[in-house]
Amino acid sequence: MINVGVTGASGRMGRLIIDNILRFDDLKLTSAFDLMNIGKDVGEVAQIGSLGVPISGVDDMESVLRESKTQVLIDFTIADATAVNAPKAASAGVSLVIGTTGLSPEQKKTIEDSIISNNVAGIISPNYSVGVNVFFKILAEASKYLGDMDIEIIEAHHMHKKDAPSGTALGAAKVISEALGGKEFVYGREGFAPRGKEIGIHAVRGGDIVGDHTVLFAGDGERIEIKHQAHSRQAFAGGAVKAAAWIGNAKPGLYSMQDILGL
Ligand SMILES: NC(=O)C1=CN([C@@H]2O[C@H](COP(=O)(O)OP(=O)(O)OC[C@H]3O[C@@H](n4cnc5c(N)ncnc54)[C@H](OP(=O)(O)O)[C@@H]3O)[C@@H](O)[C@H]2O)C=CC1
Ligand SMILES: O=C(O)C1=N[C@H](C(=O)O)C[C@H](O)C1
């Protein structure tokens, strides 16, 4: 049995992750953190009944993690919070599954360094769905043949999403750029904006769109669109919980969803 904690426990992803942990045989929910609902039972907040695990504030994180014997912490919050909380958890000897997007390169490096220096296991992934990770693999392969075409990435998400472009869109751009030996990125276009050899990246926000990502390869007289659409956050939550079980049994080090899914 692996003891798991959740940061952002009151959020859209946090509540669904808690529900998934309860349904996963090898995992036990031992701690929950958020800014809101401190002291309330996390199961009552997630509307799945009392679980006997109170929501704690992040100021007490290290002591709560130690007292609850939490082994893996799943964090889906915001970049500035994850950049502070994840190293705190690592220094308490807790392994990490990070879903938060919008991390700057410096924030990501700080977290990765804390995973290595504290001898824990960790994964930072912009998308825990099986489909998106296969989509990344397909993009790397397609880019080998379509790299001379114009490449645009269009993502669409719900009106509450705070960061843009999405972590997944940036992940797709990185995969394509690496396959093509390095590309510039241009974010949206406005005014006089002739196209060069860049990858264009565009963010759409509205309503309750769960998460769409389209990569357009456009050439002379034809185009190919490779698209992933999430219908439900369950695609992300199920993957994050599977990653927590895998990370809980892993040797210290940094891992990717490619490792976990065997891609
Ligand atoms: N990797 C993946 O597969 C996926 C990643 N995501 C990412 O996960 C993140 C969360 O998304 P979502 O659940 O929709 O967002 P929500 O805003 O619904 O949830 C975030 C939660 O974190 C809380 N929070 C904010 N700051 C802190 C802090 N300092 N300490 C503890 N908790 C804090 C928020 O509280 P409050 O509301 O009070 O601010 C909120 O309850 C985003 O970065 C999103 O892009 C989302 C889906 C899939
Ligand atoms: O904020 C979201 O909702 C999502 N964020 C992730 C991202 O930024 O890529 C993953 C998913 O698309 C949903």
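In this structure, Val210 does not satisfy being among the β-branched types (Val, Ile, Thr), within 20 Å of the chain's Cα centre (by Cα), more than 10 Å from ligand 2 (Cβ to nearest atom) and not assigned by TED's automatic domain parsing to the domain that holds Ile98. Screening segment 135-163 for residues that are of a type in the set (A, V, I, L, M, F, W, C) and surrounded by fewer than 18 Cβ atoms within 10 Å (Cβ to Cβ) and picking the one that is nearest to ligand 2 (Cβ to nearest atom) gives Met159. When Lys174 is tested against (1) under 25 Å from Gly5 (Cβ atoms); (2) surrounded by 15 or more Cβ atoms within 10 Å (Cβ to Cβ); (3) more than 9 Å from ligand 2 (Cβ to nearest atom); (4) of a type in the set (Lys, Arg), only condition (1) is not met. A single member of Ser117, Ser104, Ser166 is surrounded by 15 or more Cβ atoms within 10 Å (Cβ to Cβ) and on the phi < 0 side of the Ramachandran plot, and it is Ser166.
Residue check: is Leu51 in contact with a strand residue (DSSP E or B) (Cβ under 9 Å, 6 or more places away or on another chain), over 23 Å from Ile111 (Cβ atoms) and buried (at least 17 other Cβ atoms within 10 Å of the Cβ)?
Criteria met by Leu51.
For the condition in a strand (DSSP E or B) and either over 18 Å from Val120 (Cα atoms) or of a type in the set (D, E, K, R) (or both), Ala32 qualifies.
Taken together, the residues in segment 1-17 that are more than 18 Å from the chain's Cα centre (by Cα) and under 19 Å from Ala90 (Cβ atoms) amount to 2.
Please work out if Ser10 is surrounded by 16 or more Cβ atoms within 10 Å (Cβ to Cβ), away from ligand 2 (no atom under 16 Å from the Cβ), more than 17 Å from Lys242 (Cβ to Cβ) and polar (S, T, N, Q). Taking the combined requirement at face value, the residue does not satisfy it.
The residue of segment 90-121 that is nearest to Leu170 (Cα to Cα), among those that are of a type in the set (Ser, Thr, Tyr) and more than 16 Å from ligand 1 (Cβ to nearest atom), is Ser114.
Residues satisfying the criterion are present in segment 59-74 (criterion: within 15 Å of ligand 1 (Cβ to nearest atom) and modelled with pLDDT under 95). Each residue in segment 76-90 was checked for being touching a Leu at 6+ places or on another chain (Cβ under 7 Å) and more than 15 Å from Gly248 (Cβ to Cβ), and 4 of them qualify.
Within segment 213-240, being more than 16 Å from Ala164 (Cα to Cα), surrounded by 11 or more Cβ atoms within 10 Å (Cβ to Cβ) and under 18 Å from the mean Cα position of the chain (by Cα) holds for His228, Gln229, Ala230, Ser232, Arg233, Gln234, Ala235, Phe236, Ala237, Gly238, Gly239, Ala240. For Glu62, indicate whether it is acidic (Asp, Glu) and either in contact with a Lys or Arg (Cβ under 7 Å, 6 or more places away or on another chain) or within 22 Å of Ser104 (Cβ to Cβ) (or both). Judged against the criteria, Glu62 is a match. Among the residues making up segment 18-56, those that are over 22 Å from Ala92 (Cα atoms) and either within 10 Å of ligand 1 (Cβ to nearest atom) or not assigned by TED's automatic domain parsing to the domain that holds Asp80 (or both) are Met36, Asn37, Val45.
Looking at Gly99, is it under 20 Å from Ala245 (Cβ atoms), over 19 Å from the mean Cα position of the chain (by Cα) and assigned by TED's automatic domain parsing to the domain that holds Ile247?
The answer is no for Gly99.
A search for C-beta distances below 8 Å between a residue of segment 86-106 that is touching a residue at least 40 places away in the same chain (Cβ under 8 Å) and closer than 23 Å to Asp163 by Cβ and any residue that is part of a loop (DSSP other than H, G, I, E, B) and among the charged types (D, E, K, R), counting only pairs 6+ apart in sequence or on different chains, returns Thr101/Asp163; Gly102/Lys162; Gly102/Asp163. Quick one: is Thr77 polar (S, T, N, Q), modelled with pLDDT of 95 or more, closer than 24 Å to Ile55 by Cβ and within 13 Å of ligand 1 (Cβ to nearest atom)? Criteria met by Thr77.
The values are calculated or read from the model by the stated rules, or taken from the named source; none is laboratory data. In this text, all values refer to a predicted model and were calculated from it rather than measured experimentally. Backbone-built Cβ (ideal geometry, glycine too); neighbour counts: all protein chains shown.
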